[in-house]
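Have a look at the structure below before the remarks.
The values are calculated or read from the model by the stated rules, or taken from the named source; none is laboratory data. Just so you know, these numbers come straight off a predicted model, no measurement behind them. We place every Cβ from the backbone using ideal geometry, glycine too, and count neighbours over all the protein chains shown. Note: accessible area is taken over every heavy atom of the protein model, side chains too, but ligands, DNA and RNA are not part of it. Shrake-Rupley method; radii C 1.70, N 1.55, O 1.52, S 1.80 Å.
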Amino acid sequence: GKDILLHLPMEPYSYPQIDPGWPVLLSTMNTSELAIQIESALAAVPAAVGVNNHMGSRLTEDRHAMHVVMQLMKHRNLFFLDSRTSQKSLAYQIAREVGVRTAQRHVFLDNEADAHKISRQLYRLAALAHEHGKAIGIGHPYPETVQSLRYTLPEIRQTGVEIVSISRLVQ
């Protein structure tokens, strides 16, 4: 009953000093190399209903690469959640152009693995949800994140915020 997303490694500006993992999508890859990497990653997570980028500050700014990614998302009927690792990301825009259901994250919960800071980010996310009717947060399964979710979400729910699956928020 939960949405499963493929957290797809994409080239950051700091590559290769910082390696996003395998199978990484690189801006130097041609169409078929990108497609092979994406298919390989999807095969590892067959229950995925959507994809979001892991890192990817360089790749999400690459129009050609994002077009290849979104064509495969459309073919597989998957949505794409843009983690917004770059303010110049084209992922959301190109997903819309291609006709892929998409959304963008509003708050990154655990850029710092500190339970108090993560809780503050959760309250910020809730405030955005109240203000705009919805908001999307992204986090990792760090112990500090899990702890913050466990203690903060009940309080946030009491303010009327409903926690929903990402598939309900993509358009």
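Structure notes:
- Put simply, the amide H of T102, placed in the peptide plane, has neighbours under 5 Å in F80, Q171, leaving out anything fewer than 5 places away on its chain.
- For a straight C-alpha distance cut-off of 13 angstrom, the aspartates and glutamates reachable from K134 (same-chain residues fewer than eight places away being disregarded) are E162.
- Helical content of the chain, expressed as a calculated mean residue ellipticity at 222 nm, amounts to -13000 deg cm²/dmol (DSSP H runs of 4 or more residues, -39,500 (n - 2.57) each, divided by residue number, nearest 500).
- Taken along the Cα-to-beta-carbon direction at a fixed 7 Å, the label points for K117 and R150 span 2.1 nm.
- Between the amide H of H140 and those of D110, distances stay under 5 Å, these residues lying 5 or more places away or on another chain, with hydrogens modeled in the peptide plane.
- Between L169 and H106, residue separation times 0.36 nm minus the direct Cα-Cα distance comes to 21.5 nm.
- When the surface is traced with a 1.4 Å probe over the full set of protein chains, Y142 keeps roughly 90 Å² accessible.
- DSSP loop GluC sites (Glu not before Pro) with at most 15 other Cβ within 10 Å: longest gap in the chain: 1-111
- Qualifying aspartates and glutamates (Cα of each under 12 Å from Cα of K117; at least 8 residues distant if same chain): E144
- Estimated at 0.36 nm per residue, the fully extended path between K2 and I18 surpasses their Cα-Cα distance by 2.7 nm.
- Cβ-Cβ FRET estimate between K74 and H140, R0 fixed at 35 Å, reported to 0.05: 0.80
- Restricting the trypsin sites (Lys or Arg not before Pro) of the stretch 1-90 to loop positions (DSSP other than H, G, I, E, B) with no more than 10 neighbouring Cβ atoms within 10 Å leaves K2, K88.
- Full extension of the chain between S32 and A127 gives 29.9 nm of extra length, using 0.36 nm per residue less the Cα-Cα distance.
- Cleavage-rule hits (trypsin sites (Lys or Arg not before Pro)) in the stretch 95-171: DSSP loop, at most 15 neighbouring Cβ within 10 angstrom: K134
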